[in-house]
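Chemist: What follows is a structure written as structure tokens; I'll ask about it next.
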Number of protein chains: 2
Amino acid sequence: MRIPYGTMKETFRSILLKHGFGDEEAEIASSIFADNSLDGVYTHGLNRFPKIIEDTDKGLINPSARAETVFRAGAFERWNGHRGFGPVNAALAIDRAMELASEHAVGIVALGNNNHWLRGGTYGLRAAEKGYASICWTNTIANLPPWGGRDPKLGNNPLVISVPRRNGVHFVLDIAMSQFSYGKLELYRLNGKKLPFPGGYDEEGKLTDDPAAIEKTRRSLPIGYHKGSGLSLALDLLGSMLALGNTVGDITAAENESGLTQIMMAFDPRMIGNIDDEDSIISRIIDFTGSSAPVEEGGKVLYPGEHSYMVRQDNLQNGIPVIDEVWERVQSL
Amino acid sequence: MRIPYGTMKETFRSILLKHGFGDEEAEIASSIFADNSLDGVYTHGLNRFPKIIEDTDKGLINPSARAETVFRAGAFERWNGHRGFGPVNAALAIDRAMELASEHAVGIVALGNNNHWLRGGTYGLRAAEKGYASICWTNTIANLPPWGGRDPKLGNNPLVISVPRRNGVHFVLDIAMSQFSYGKLELYRLNGKKLPFPGGYDEEGKLTDDPAAIEKTRRSLPIGYHKGSGLSLALDLLGSMLALGNTVGDITAAENESGLTQIMMAFDPRMIGNIDDEDSIISRIIDFTGSSAPVEEGGKVLYPGEHSYMVRQDNLQNGIPVIDEVWERVQSL
């Protein structure tokens with residue numbers, strides 16, 4: 001079944017209102033859920049929605065808690081998320097970072113004590129759609145061993161970088177610092193498949209592409225081995241320092257992935273010179289990279305954000321594909 | 001042979017002065033060369049020095065060209081490096097980014113048209129030693145295929161993130177977006193060794209740890225496969241957009257790795273609240289990560305910057321190890 005975007009968003013909005021979300025919060029949250037499904041990230045859209053309602057009903061998410069500014073200086077603000085609904089606070093934070101960027105060329109909101117932001121690309125795309133570039137990241141519970149270590153003492157700390165394009169096909173990179181998430185490992189295992197490249201270590205300490213072996217040792221691989229291990233650590237250090245927020249260790253000690261630290265940094269191209277130059281530079285880079293001879297015959301070198309854009313156009317035109325039972329269940333919430 | 005730090009720096013300084021560097025330029029440049037050797041990065045210190053003098057004498061480096069501010073707005077400045085000596089311009093740019101950060105909490109200098117900055121860690125460490133955190137990166141000539149492509153259309157675009165520690169053992173991450181540089185591949189090949197993990201593709205399109213096979217196909221691997229490919233692209237996009245500078249494609253078309261784009265971003269902890277909290281947060285993160293059980297018995301999980309610090313202390317105390325012939329050759333310059 002395929003559901004029109006407007007129907008899906010409106011369904012989410014009315015359910016959120018019934019479960020205690022205010023008007024503005026329900027508007028932002030329903031857009032984020034519907035947009036994630038629209039972009040083909042179904043796990044963070046419709047399919048996640050019932051769990052969020054369940055957590056709200058249980059009191060794990062307080063839909064009326066809103067982030068509050070606790071410190072301002074120059075291009076920087078620190079916010080306390082008060083453990084409200086993560087994506088609403090994160091969306092308001094990137095919006096504020098854009099306002100700060102319009103004044104100072106760059107703007108930063110360091111958002112501590114917030115809940116999970118769902119899909120990082122949401123905030124990068126949100127900035128790009130308003131014509132801003134962005135760098136955003138979040139920390140997480142420890143789920144990745146540092147380089148040289150055996151047990152998870154790093155988060156996979158997703159990093160987002162976005163750059164707006166005049167043609168609307170924005171560049172949006174959204175990468176976790178682990179090569180494969182545990183969700184991906186499970187999916188490969190359930191499908192009886194090997195990973196496309198090594199994803200961690202087996203019990204003998206050898207690199208392996210067997211997902212089950214990695215699930216057993218929990219020695220999943222950071223991207224680029226020692227390099228991604230260092231980058232994950234850098235993001236937790238800089239993020240927690242800016243937000244004076246919970247660290248990966250703090251979150252892990254609480255045994256519950258909440259009260260996270262998120263950084264939203266926006267850059268305003270209008271504040272830094274000739275916008276035509278800037279757009280033509282971006283196209284030049286994209287075209288140059290895309291001109292690499294494809295590995296697969298008839299293939300095409302895509303950039304981050306390009307595939308999502310194509311899915312988005314298809315889903316806008318033809319409706320968003322849903323699992324029938326999930327859609328029916330959501331309507332009964 | 002081991003040479004005292006002061007002797008090495010002073011030797012560099014007097015040679016630079018003889019070859020056309022001004023007083024301030026010679027002072028900064030001699031420190032950077034000596035510091036790189038001091039930290040154990042000999043390839044970017046003493047061992048590189050003769051080549052730089054040669055390039056200066058040939059007119060490829062103009063030691064009297066200094067970067068100039070061409071645009072200012074809020075926390076942001078754009079500089080034209082006028083293809084002067086890369087490390088001097090880059091050092092002055094991170095210094096200015098720190099000044100901007102002291103005013104706006106964050107400061108950015110986008111430095112276009114500059115020469116190679118040598119070692120990226122130099123600028124991260126320079127910021128950390130003055131108590132600032134930093135994010136810096138540079139683009140390069142194309143030397144890495146994008147994900148899904150066969151021929152190099154990305155730079156390895158080194159990224160630096162630093163965070164200051166009160167105890168002086170600063171966190172300094174300095175990572176290129178390629179898993180192995182061509183220099184490293186050559187070193188492994190000459191030593192008859194396999195890479196410690198796959199570093200690229202062989203002629204059959206299979207992942208390989210054979211350095212010679214990768215040197216042949218030039219299909220070296222980005223860190224984290226598609227993830228590092230996207231991150232390399234993101235750094236060129238955001239950097240070139242901020243600097244209105246040369247892109248990886250522009251640099252590649254000129255067939256000479258010069259006129260690069262470099263971004264220097266500094267964060268001032270003093271401007272963003274309680275500095276004691278911030279220092280204790282950093283220690284907490286470092287200690288948590290370091291508590292991971294080591295893979296090697298008796299091993300220790302180190303963080304980026306920790307090993308350099310130990311080498312630095314040793315070399316300060318016992319002198320900097322040099323290859324005798326190189327040291328003699330330098331003294332004759």
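Chemist: If B:Glu24 satisfies every condition in (1) buried (at least 21 other Cβ atoms within 10 Å of the Cβ); (2) part of a helix (DSSP H, G or I) but one, which is the exception?
Modeler: The one condition B:Glu24 does not meet is (1).
Chemist: Right, something else. Identify, please: which residue in the range A:248-262 is in a loop (DSSP other than H, G, I, E, B), over 18 Å from the mean Cα position of the chain (by Cα) and not acidic (Asp, Glu) and is, among those, modelled with the lowest pLDDT?
Modeler: Taking the candidates together, the pick is A:Asn256.
Chemist: Would you check which residues across the range B:297-312 are modelled with pLDDT under 95 and either touching a helix residue (DSSP H, G or I) at 6+ places or on another chain (Cβ under 7 Å) or more than 7 Å from chain A (Cβ to nearest Cβ) (or both) and list them?
Modeler: If the condition is that a residue be modelled with pLDDT under 95 and either touching a helix residue (DSSP H, G or I) at 6+ places or on another chain (Cβ under 7 Å) or more than 7 Å from chain A (Cβ to nearest Cβ) (or both), then B:Glu297, B:Gly298, B:Lys300 are the ones that fit.
Every residue, every condition in (1) closer than 26 Å to B:Asp236 by Cβ; (2) assigned to a strand (DSSP E or B), yes or no:
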position: A:Arg66; (1), (2): no, no
position: A:Pro87; (1), (2): no, no
position: A:Tyr123; (1), (2): yes, no
position: A:Ile135; (1), (2): yes, yes
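Chemist: All but one of (1) at the interface with another protein chain (Cβ under 10 Å from one of its Cβ atoms); (2) on the phi < 0 side of the Ramachandran plot; (3) surrounded by 15 or more Cβ atoms within 10 Å (Cβ to Cβ) hold for A:Ser291; which doesn't?
Modeler: (3)
Chemist: More than 7 Å from chain B (Cβ to nearest Cβ) and surrounded by fewer than 20 Cβ atoms within 10 Å (Cβ to Cβ): does that describe A:Gly319?
Modeler: Working: more than 7 Å from chain B (Cβ to nearest Cβ): yes; surrounded by fewer than 20 Cβ atoms within 10 Å (Cβ to Cβ): yes.
Answer is yes for this residue.
Chemist: Something else: Which condition number does B:Ile286 fail, the rest of (1) surrounded by 12 or more Cβ atoms within 10 Å (Cβ to Cβ); (2) modelled with pLDDT under 95 being met?
Modeler: Exception for B:Ile286: condition (2).
Each row is one residue, and each column tells you yes or no for (1) in contact with a strand residue (DSSP E or B) (Cβ under 8 Å, 6 or more places away or on another chain); (2) among the aromatic types (Phe, Trp, Tyr).
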site	(1), (2)
B:Lys227	yes, no
B:Ala254	no, no
B:Tyr303	yes, yes
B:Ile323	no, no
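Chemist: Given the conditions (1) in a helix (DSSP H, G or I); (2) modelled with pLDDT of 95 or more; (3) outside the structural domain of A:Arg2 (by TED's automatic domain parsing), which single one is not true for A:Arg270?
Modeler: (2)
Chemist: To continue, here is another question. Out of curiosity, is B:Gly205 out of contact with any Gly (no Cβ under 8 Å at 6 or more places or on another chain), away from every other protein chain (no Cβ under 14 Å) and in a loop (DSSP other than H, G, I, E, B)?
Modeler: No: the conditions fail for B:Gly205.
Chemist: For residues in the range A:187-202 being away from chain B (no Cβ under 14 Å) and surrounded by 13 or more Cβ atoms within 10 Å (Cβ to Cβ), which is modelled with the lowest pLDDT?
Modeler: Residue satisfying both the conditions and the ranking: A:Leu187.
Chemist: Would you say B:Gly107 is facing another protein chain (nearest Cβ under 9 Å) and outside any loop (DSSP other than H, G, I, E, B)? Before the answer, list the steps.
Modeler: Details: facing another protein chain (nearest Cβ under 9 Å): yes; outside any loop (DSSP other than H, G, I, E, B): yes.
So B:Gly107 fits the description; yes.
Chemist: Kindly establish whether A:Asn115 is away from chain B (no Cβ under 14 Å), surrounded by 18 or more Cβ atoms within 10 Å (Cβ to Cβ) and either farther than 21 Å from B:Leu159 by Cα or in contact with a Cys (Cβ under 6 Å, 6 or more places away or on another chain) (or both).
Modeler: Answer is yes for this residue.
Chemist: Scan the range B:21-42 and tell me whether some residue there is under 14 Å from the mean Cα position of the chain (by Cα), closer than 19 Å to B:Asp314 by Cα and among the small types (Gly, Ala, Ser).
Modeler: yes
Chemist: A further question follows. Being in the same structural domain as A:Gly245 (by TED's automatic domain parsing) and either modelled with pLDDT of 95 or more or more than 30 Å from B:Asn274 (Cβ to Cβ) (or both): is that true of A:Phe71 here?
Modeler: Answer is yes for this residue.
Chemist: Right, another one. Residue by residue through the range A:223-232, note down the ones that are out of contact with any Leu (no Cβ under 6 Å at 6 or more places or on another chain), crowded, with 24+ Cβ neighbours inside 10 Å and either part of a helix (DSSP H, G or I) or more than 7 Å from chain B (Cβ to nearest Cβ) (or both).
Modeler: A:Lys227, A:Gly228, A:Ser229, A:Leu231
Chemist: With the checklist (1) more than 12 Å from chain A (Cβ to nearest Cβ); (2) among the charged types (D, E, K, R); (3) touching a Phe, Trp or Tyr at 6+ places or on another chain (Cβ under 8 Å) in hand, flag the one item B:Arg165 doesn't pass.
Modeler: If we test B:Arg165 against (1) more than 12 Å from chain A (Cβ to nearest Cβ); (2) among the charged types (D, E, K, R); (3) touching a Phe, Trp or Tyr at 6+ places or on another chain (Cβ under 8 Å), just (1) comes out false.
Chemist: How many residues are within 8 Å of chain B (Cβ to nearest Cβ) and not in a loop (DSSP other than H, G, I, E, B) if we restrict to the range A:138-158?
Modeler: Total satisfying the criteria: 2.
Chemist: For the range A:208-222, name all the residues that are within 11 Å of chain B (Cβ to nearest Cβ) and part of a loop (DSSP other than H, G, I, E, B).
Modeler: Residues satisfying the conditions are A:Asp209, A:Arg219, A:Leu221.
Chemist: To continue, here is another question. State which residue pairs qualify: first residue touching a residue at least 60 places away in the same chain (Cβ under 8 Å) and inside the range B:157-184, second residue part of a loop (DSSP other than H, G, I, E, B) and of a type in the set (A, V, I, L, M) in any location, beta carbons under 6 Å apart, and separation of 6 or more residues or different chains.
Modeler: Short answer, once both residue conditions are applied: B:Asn157/B:Met177.
Chemist: Anything in the range A:306-333 that is free of Cβ contacts under 8 Å to residues at least 12 places away in the same chain and more than 30 Å from A:Pro164 (Cα to Cα)? List them, or say none.
Modeler: Of everything in the range A:306-333, those that are free of Cβ contacts under 8 Å to residues at least 12 places away in the same chain and more than 30 Å from A:Pro164 (Cα to Cα) turn out to be A:Glu325, A:Glu328, A:Ser332.
Chemist: While we're here: Just name the residue that is surrounded by the fewest Cβ atoms within 10 Å (Cβ to Cβ) out of those in the range B:48-64 that are among the charged types (D, E, K, R) and closer than 17 Å to B:Val326 by Cβ.
Modeler: Taking the range B:48-64 and keeping what is among the charged types (D, E, K, R), we get B:48, B:51, B:54-55, B:57-58.
From the residues that got through so far, the ones that are closer than 17 Å to B:Val326 by Cβ too are B:48, B:51, B:54-55.
Working: B:Arg48: 19, B:Lys51: 9, B:Glu54: 13, B:Asp55: 14.
Among residues in the range B:48-64 that are among the charged types (D, E, K, R) and closer than 17 Å to B:Val326 by Cβ, the one surrounded by the fewest Cβ atoms within 10 Å (Cβ to Cβ) is B:Lys51.
Chemist: Could you please find all residues in the range A:118-137 being without any contact (Cβ under 8 Å) to a residue 40 or more places away in the chain and either within 13 Å of chain B (Cβ to nearest Cβ) or surrounded by 24 or more Cβ atoms within 10 Å (Cβ to Cβ) (or both)?
Modeler: A:Arg126 - this is the single residue of the range A:118-137 that is without any contact (Cβ under 8 Å) to a residue 40 or more places away in the chain and either within 13 Å of chain B (Cβ to nearest Cβ) or surrounded by 24 or more Cβ atoms within 10 Å (Cβ to Cβ) (or both).
Chemist: Do we find a residue being more than 14 Å from chain A (Cβ to nearest Cβ), more than 15 Å from B:Trp327 (Cβ to Cβ) and within 21 Å of the chain's Cα centre (by Cα) anywhere in the range B:67-77?
Modeler: Yes, because at least one residue in the range B:67-77 is more than 14 Å from chain A (Cβ to nearest Cβ), more than 15 Å from B:Trp327 (Cβ to Cβ) and within 21 Å of the chain's Cα centre (by Cα).
Chemist: crowded, with 24+ Cβ neighbours inside 10 Å, in the same structural domain as A:Leu237 (by TED's automatic domain parsing), part of a helix (DSSP H, G or I) and not aromatic (Phe, Trp, Tyr): does that describe A:Ala101?
Modeler: Numbers: crowded, with 24+ Cβ neighbours inside 10 Å: yes; in the same structural domain as A:Leu237 (by TED's automatic domain parsing): yes; part of a helix (DSSP H, G or I): yes; not aromatic (Phe, Trp, Tyr): yes.
Criteria met by A:Ala101.
Chemist: Run B:Ser102 past the list (1) within 14 Å of the chain's Cα centre (by Cα); (2) of a type outside the set (Lys, Arg); (3) within 29 Å of B:Ile272 (Cβ to Cβ) and report the number of the one that doesn't hold.
Modeler: (1)
Chemist: Okay, moving on. Residue by residue through the range A:240-281, note down the ones that are facing chain B (nearest Cβ under 8 Å) and within 17 Å of B:Arg78 (Cα to Cα).
Modeler: Hits for the range A:240-281 are A:Phe267, A:Pro269, A:Met271, A:Ile272, A:Gly273, A:Asn274, A:Asp277, A:Glu278, A:Ile281.
The values are calculated or read from the model by the stated rules, or taken from the named source; none is laboratory data. Computed from a prediction, not measured in an experiment: that's the story for all the values here. Backbone-built Cβ (ideal geometry, glycine too); neighbour counts: all protein chains shown.
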